[in-house]
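What follows is a single structure, written as structure tokens, with notes after it.
The values are calculated or read from the model by the stated rules, or taken from the named source; none is laboratory data. Bear in mind the structure is a predicted one, so any value in this text is a computation, not a measurement. Positions of Cβ are backbone-derived with ideal geometry, glycine not excepted, and every protein chain shown enters the neighbour counts. Just so you know, the surface numbers come from the protein's heavy atoms only, side chains and all, with ligands and any DNA or RNA stripped out. Shrake-Rupley method; radii C 1.70, N 1.55, O 1.52, S 1.80 Å.
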Amino acid sequence: MQTFQHPVEKTTVTEGWQPNIDLLKRTLVPQGVTLYPDPEERLAQVPDEYFDIVTNSHGGLPIRDIARVLRPHGLFVSQQVGATNNYSLSRFLNANYVPAFPDNNLPQVMTELREAGFEILKSDAAFVKMNFTDVGAIVYYATVIPWEFPDFDVKKVMPQLHQLQKIIDSQGSVITFEDRFIVLAKKN
């Protein structure tokens, strides 16, 4: 844990995605970092009031469980992908698209944190423009984030891809928006 200058014996990681669990077992656990595999994203193996700080980047947000594992006055910080991330592009390629995590938005998360006994210290949101100048890049993007492009199949969406290419040819790019938010809270 040289980056944070934090002692490895005081560092704990929870992880839900099996490829990352395997990676952490090979890289951080041998250094002395404690790993709690957490495929259910419920922090079930973590003892009550165990952490002073919980960070979360793009993971599930079991707010009540986070409150349970934080000590009094502990800090929680999270950067999240919001529910409307790339919504217009996802919907264009799949008319039946519904966000995988429709309640993952800043007002909802702040409400849940307050209800769980947290004080919000900082919060912010951003909707950042992303330009695609190549249909191949859109195809690649849609294949690596299946939760935003469920059941993506190039053959099925070929008419939409041709339409996107026409937009790129005339406008120079296809624009979509990334939805991000951050929240910093203290457990009371």
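Observations
- Of note, residue 47 satisfies the criterion of being over 27 Å from residue 174 (Cβ atoms), in a loop (DSSP other than H, G, I, E, B) and in contact with a helix residue (DSSP H, G or I) (Cβ under 8 Å, 6 or more places away or on another chain).
- Qualifying positions in segment 132-163 - of a type in the set (D, E, K, R) and either surrounded by 14 or more Cβ atoms within 10 Å (Cβ to Cβ) or farther than 16 Å from residue 94 by Cβ (or both): 134, 148
- For residue 40: the one exception among (1) surrounded by fewer than 14 Cβ atoms within 10 Å (Cβ to Cβ); (2) free of Cβ contacts under 8 Å to residues at least 24 places away in the same chain; (3) part of a loop (DSSP other than H, G, I, E, B): (2)
- The residue list 166, 129 contains one member that is surrounded by fewer than 16 Cβ atoms within 10 Å (Cβ to Cβ) and touching a residue at least 12 places away in the same chain (Cβ under 8 Å), which is 129.
- Flag if residue 63 is under 20 Å from residue 181 (Cα atoms), surrounded by 14 or more Cβ atoms within 10 Å (Cβ to Cβ) and touching a helix residue (DSSP H, G or I) at 6+ places or on another chain (Cβ under 6 Å): yes
- Residue 11 open to solvent by 60 Å² or more (accessible area, probe 1.4 Å), within 25 Å of residue 182 (Cα to Cα), β-branched (Val, Ile, Thr) and under 22 Å from the mean Cα position of the chain (by Cα): no
- Residues of segment 97-112 that are open to solvent by 50 Å² or more (accessible area, probe 1.4 Å) and either over 13 Å from the mean Cα position of the chain (by Cα) or of a type in the set (Asp, Glu) (or both): 98, 103, 107, 108, 111, 112.
- Check on residue 119, under 22 Å from residue 58 (Cβ atoms) and at pLDDT 95 or above: no
- Against the numbered list (1) open to solvent by less than 50 Å² (accessible area, probe 1.4 Å); (2) assigned to a loop (DSSP other than H, G, I, E, B), residue 54 comes up short only at (2).
- Condition check for residue 82 on (1) touching a residue at least 12 places away in the same chain (Cβ under 8 Å); (2) open to solvent by 20 Å² or more (accessible area, probe 1.4 Å); (3) touching a Leu at 6+ places or on another chain (Cβ under 8 Å): one failure, at (2).
- When each of 101, 92 is tested for being at pLDDT below 95 and closer than 30 Å to residue 153 by Cβ, the lone residue that passes is 101.
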